[in-house]
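The block underneath contains the structure these notes are about, expressed in structure tokens.
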């Protein structure tokens, strides 16, 4: 079953890979019968289309089932409402993480009940942890820091050009790192007199946006240099942002840059520029939205550019309310 093996490996190495299903899925699942084991694999392969969700849910389920096995459960049928509630109660994560894990557990059991492999869903009526967020926690960069970062790139080589284009594309388009890394060369195109980008968003949707002239300048420079100096052939379906060749300094490979490498790049670049080392891939989404709003942009337009279904989500990235001037503080007089 090679395809099953590859698919499960993609679920964040959620399950150890062996010779048969008993080596792919956790023992607690396999002990419930081979049909249950098959449906378990089918759930991750066929029911979760987004690879990031698949990875997160696979990790959550792995942790939960390992905990159940450590508590003595031998089959899925041994997992009760009390077991799920106890697991959620002792979970050390923050409310968002705990609720995501609960959703992953609940959806898996709902799928197995639907397949008539289990009589009940022990997670169905478990209540998650309450929390309220008015301002997001993603670190943003001040305008001067963003400029400092952009100016710090050594663009005498292709890797510097790639990294500058990638970071600025996220900042100027509010794009998620997953959507940017998923771009192929045809997703950067000329429409009328302007260059546009096509971002593949969650749920199979895509968003087309005109490209800011600065981002276009940087992206065009990256693509042109890769073509003229690196000999890259930009055929349809080829990744726009490519990884560095292994063992080769400052050379691009044919492989797509992945999230972990882009995260490490952002950390490395910010440290070298002497700015906020807490920055991550998502930082440039928050930075772009806040800068847009500070310069008179409307929240509903920011929501549309960011492809948020709810304006409250966009508002989490608006950090203007966090910026209290010293003049305001000096109004306090004892």
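Read-outs throughout are calculated quantities, based only on the coordinates presented, and are distinct from any laboratory measurement. These numbers come from a predicted model, not from an experiment. No Cβ is skipped: glycine too gets one built from the backbone with ideal geometry, and neighbour counts run over all protein chains shown.
What shape does the range 24-119 take by its C-alpha gyration tensor, where a ≥ b ≥ c are the square roots of the eigenvalues and a/c under 1.5 counts as rounded, a/b above b/c as prolate, and the rest as oblate? Judged from the Cα gyration tensor, the range 24-119 comes out oblate (a/c at least 1.5, b/c at or above a/b).
Where the centroid of each part is defined by its Cα atoms, how far is the range 63-118 from the range 203-281 in Å? Each part reduced to its Cα centre gives a spacing of 39 Å.
Working from label points 7 Å from Cα in the Cα-to-Cβ sense, the residue 143 to residue 278 distance is 2.3 nm.
Shape verdict for the range 149-306, please, from the Cα gyration tensor: rounded (a/c under 1.5), prolate (a/b greater than b/c) or oblate. Verdict is oblate for the range 149-306.
Between residue 238 and residue 312, full extension at 0.36 nm per residue minus the direct alpha carbon distance yields a gain of 23.1 nm. Residue ranges 156-162, 36-42, 252-258 sort as 36-42, 156-162, 252-258 when ordered by packing (mean number of other C-beta atoms within 10 Å per residue, highest first). With a simple spin-label model that places each label point 7 Å from the Cα along the Cα-to-Cβ direction, the separation between residue 94 and residue 253 comes to 3.2 nm.
Between residue 207 and residue 154, the FRET efficiency estimated from the beta carbon spacing at R0 = 56 angstrom works out to 0.95. Between residue 74 and residue 115, the contour length at 0.36 nm per residue exceeds the alpha carbon distance by 12.7 nm.
At full extension, residue 217 and residue 193 could sit 7.2 nm farther apart than now, given 0.36 nm per residue minus the alpha carbon distance.
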